[in-house]
1. Note down the accessible area of HIS98, probe 1.4 Å, to the nearest 10 Å².
2. Between GLU101 and SER14, 0.36 nm times their residue separation minus their Cα-Cα distance comes to what?
3. How many Å² of accessible area per residue for the chain, probe 1.4 Å?
4. List, in order, the whole-Hz ³J(HN,Hα) value for each residue of the range 78-89 obtained from phi through the Karplus relation with A = 6.51, B = -1.76, C = 1.60 and θ = phi - 60°; use x for Gly and Pro.
5. When the Karplus curve 6.51 cos²θ - 1.76 cosθ + 1.60 is applied with θ = phi - 60°, which whole-Hz ³J(HN,Hα) does each residue of the range 37-44 get, with x for Gly and Pro?
6. Percent of alpha carbon pairs in the chain separated by more than 23 Å?
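The values are calculated or read from the model by the stated rules, or taken from the named source; none is laboratory data. This is a predicted model, so every value here is computed, not measured. For the accessible areas, the whole protein counts, side chains as well, though only heavy atoms, and no ligand, DNA or RNA atoms are used. Shrake-Rupley method; radii C 1.70, N 1.55, O 1.52, S 1.80 Å.
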Amino acid sequence: HFMQQPRKAGCRFSLDDFGTGMSSLAYLKQFPVDYLKLDGAFVRDIDHDPIDFALVRSFNDIGHTLGMETIAEFVENTTIRDKLDGIGIDHVQGYGIHRPEPLDQLR
């Protein structure tokens, strides 16, 4: 119920660090989230770990089936970015995209 009022006002929600810690597949059906942000622990090795690749692909498929956009963190190089593009991940973040910089330099 907490999330319904802000959603009516146009707010969108993300389930962060999905796949580790306290997150579970049950949350995907319980919470009305717009984005599923995949934990970097799965993303960072998909260029050479077939299990991580399969997990990321599965999380992406589940998220899309539920109408969520997916975000992959820890995208450290173009190989990982290309694999995520092939899977159909919607958004990426990490040093392979752009290094962080102070906010005042973006103005």
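1. Roll a 1.4 Å probe over it and HIS98 shows about 110 Å².
2. In short, 29.0 nm is gained.
3. Averaged over the residues of the chain, the accessible area is 64 Å².
4. 6, 4, 5, 4, 5, 5, 5, 4, x, 6, x, 4
5. Calculated HN-Hα couplings, in order: 9, 7, 5, x, 4, 8, 6, 4 Hz.
6. Counting every Cα pair in the chain, those more than 23 Å apart make up 32 percent.
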